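In what follows, a single structure is set out as structure tokens and then discussed.
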Amino acid sequence: MLHLLHVAQCERSSQNVLCNNQVYLRLSRLIMSPIKANLQHIQRAISIASAMGSTQSKQQVSLIAVSKTKPSALVREAFAAGQRFFGENYVQEGIAKIVELNDLRVSDTGGIEWHFIGPLQSNKARLVAQHFDWAHGVDRLKIAEALDRNRVGLPPLNICIQVNVSAEQSKGGVMPDEVLDLASQVATLPGLKLRGLMTIIENTQDEATQRAQFGTMRKLQQRLIANGFEVDTLSMGMSQDFRIAIEEGATMVRIGSAIFGERDVAKPGSTI
């Protein structure tokens with residue numbers, strides 16, 4: 001009743017725009033946004049999958065909200081709902097959001113963190129190194145060296161080596177037997193911090209295949225640890241398979257459509 005009365009008062013006011021905004025803000029507090037509801041649903045699913053994980057110690061799992069092609073306003077809405085990690089595939093689009101949302105870098109509840117999760121090219125390495133906090137697609141020493149050269153005056157860039165665990169020619173990433181060599185090279189670069197591994201598994205509904213490929217990634221991470229690398233990250237699993245990825249050891253999952261809805265614009269070269 002009070003809200004209806006406020007609406008009536010606004011309609012008679014000469015400051016209708018201001019009043020309408022006030023009404024919207026009041027009503028928005030009463031109705032949970034779809035993004036907030038989606039985030040809560042996914043976090044519950046993550047907790048359940050983590051509890052069922054096959055690893056001896058139940059891992060902490062971070063959610064990367066993949067915001068490619070989505071406007072900054074939706075990123076801000078997800079941030080307000082408690083989400084802190086965001087993933088971008090396209091360098092220019094991602095940087096535009098980073099600049100626009102710069103005020104979210106510092107927050108009493110933790111600042112925003114930006115992950116570049118798209119294919120990495122040498123001519124884009126400078127921009128990624130200067131603006132992002134993580135790069136998930138490193139699969140060549142040349143790319144790693146370019147990121148290192150351009151990470152000047154900033155904390156080391158967090159790096160995941162991309163692994164082509166499904167051996168598909170259409171995908172980037174090193175082969176599993178090449179991981180140790182590249183990790184050894186990346187670890188020598190002072191501007192980078194090797195955090196772990198990333199993969200995009202085969203697009204299949206066969207659960208046995210999914211588990212086998214995720215399981216291979218877990219074994220590769222264990223091999224790195226056995227060889228003295230301090231890695232703590234397995235970035236694997238997306239909207240359609242993140243539960244199985246977590247059960248097989250994922251510590252980061254990259255989810256977009258289940259949070260923000262289907263992409264608004266199809267762009268070439270997408271990998272997530």
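The values are calculated or read from the model by the stated rules, or taken from the named source; none is laboratory data. Here the structure is a predicted model, which is why all the values come from computation and not from measurement. As a convention, Cβ positions derive from the backbone with ideal geometry for all residues, glycine included, and neighbour counts pool all protein chains shown. Keep in mind that these areas ignore ligands, DNA and RNA; they rest on the heavy atoms of the full protein, side chains included. Shrake-Rupley method; radii C 1.70, N 1.55, O 1.52, S 1.80 Å.
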Notebook entry, point to check: Of everything in the stretch 100-109 that's touching a helix residue (DSSP H, G or I) at 6+ places or on another chain (Cβ under 8 Å) and outside any loop (DSSP other than H, G, I, E, B), which residue is nearest to Phe79 (Cα to Cα)?
Noted result: Leu104
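Specify the residue that is farthest from the chain's Cα centre (by Cα); the eligible residues are those in the stretch 110-142 that are outside any loop (DSSP other than H, G, I, E, B) and under 17 Å from Ile200 (Cβ atoms). Before the answer, list the steps.
Filtering the stretch 110-142 for residues outside any loop (DSSP other than H, G, I, E, B) gives 113-116, 122-131, 134-138, 141-142.
Next cut, under 17 Å from Ile200 (Cβ atoms) only: 115-116, 134-138.
Details: His115: 6, Phe116: 8, Trp134: 9, Ala135: 10, His136: 9, Gly137: 12, Val138: 15 Å.
So the residue we want is Val138.
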Margin query: Suppose the filter is modelled with pLDDT of 90 or more, outside any helix (DSSP H, G or I) and surrounded by 11 or more Cβ atoms within 10 Å (Cβ to Cβ); does Ile64 pass it?
Written below: yes
Note to self: I need a count of the residues in the stretch 85-138 that are acidic (Asp, Glu) and touching a Pro at 6+ places or on another chain (Cβ under 9 Å).
What the structure shows: 1
Note to self: Six or more apart or on different chains, Cβ atoms under 7 Å: show the pairs whose first residue is in the stretch 137-166 and of a type in the set (Asp, Glu) and whose second is at pLDDT 95 or above and assigned to a strand (DSSP E or B).
What the structure shows: Asp139/Ile161; Asp139/Gln162; Asp139/Val174; Asp148/Leu192
Next item on the list: Hey, can you tell me all the residues within the stretch 249-262 that are surrounded by 23 or more Cβ atoms within 10 Å (Cβ to Cβ), over 13 Å from Ser47 (Cα atoms) and in contact with a Phe, Trp or Tyr (Cβ under 9 Å, 6 or more places away or on another chain)?
Entry: Arg254, Ile255
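Can you tell which of Gly215, Gly196 is open to solvent by less than 10 Å² (accessible area, probe 1.4 Å) and part of a helix (DSSP H, G or I)? Lay out the reasoning, then the answer.
On the way: Gly196 fails: part of a helix (DSSP H, G or I).
Just a single option satisfies the conditions, and that option is Gly215.
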Check: Condition test on Thr251, is it of a type in the set (Ser, Thr, Tyr) and touching a Leu at 6+ places or on another chain (Cβ under 7 Å)?
Finding: yes
Notebook entry, point to check: Of these, Glu77, Glu88, Glu100, Glu145, which one is of a type in the set (D, E, K, R), open to solvent by 30 Å² or more (accessible area, probe 1.4 Å) and within 21 Å of Ser239 (Cβ to Cβ)?
Noted result: Glu77
Checklist line | the stretch 177-193, residues that are more than 18 Å from Ala250 (Cβ to Cβ) and open to solvent by less than 70 Å² (accessible area, probe 1.4 Å) | finding: Leu180, Leu182, Ala183, Ser184, Val186, Ala187, Leu189, Gly191, Leu192
Item checked: Criterion violated by Ala187 - all others in (1) over 18 Å from the mean Cα position of the chain (by Cα); (2) at pLDDT 95 or above; (3) more than 27 Å from Pro155 (Cα to Cα) satisfied -> (3)
Next item on the list: Search the stretch 130-141 for residues being at pLDDT 95 or above and either out of contact with any helix residue (DSSP H, G or I) (no Cβ under 6 Å at 6 or more places or on another chain) or under 13 Å from Gln92 (Cα atoms) (or both), and hand back the single one that is surrounded by the most Cβ atoms within 10 Å (Cβ to Cβ).
Entry: His136
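Just give me the residues in the stretch 82-110 being among the aromatic types (Phe, Trp, Tyr) and farther than 23 Å from Lys36 by Cβ, in sequence order. Full working, then the answer.
Looking only at the stretch 82-110, we keep the residues that are among the aromatic types (Phe, Trp, Tyr), and these are 85-86, 90.
Tyr90 - this is the single residue of the stretch 82-110 that is among the aromatic types (Phe, Trp, Tyr) and farther than 23 Å from Lys36 by Cβ.
Looking at Gln59, Gln83, which one is in a loop (DSSP other than H, G, I, E, B), of a type outside the set (Lys, Arg) and at pLDDT below 95?
Numbers: Gln83 fails: at pLDDT below 95.
Result of the check over Gln59, Gln83: Gln59.
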Next item on the list: Evaluate the following for Val165: is it of a type in the set (A, V, I, L, M), open to solvent by 10 Å² or more (accessible area, probe 1.4 Å) and under 30 Å from Arg223 (Cα atoms)?
Entry: yes
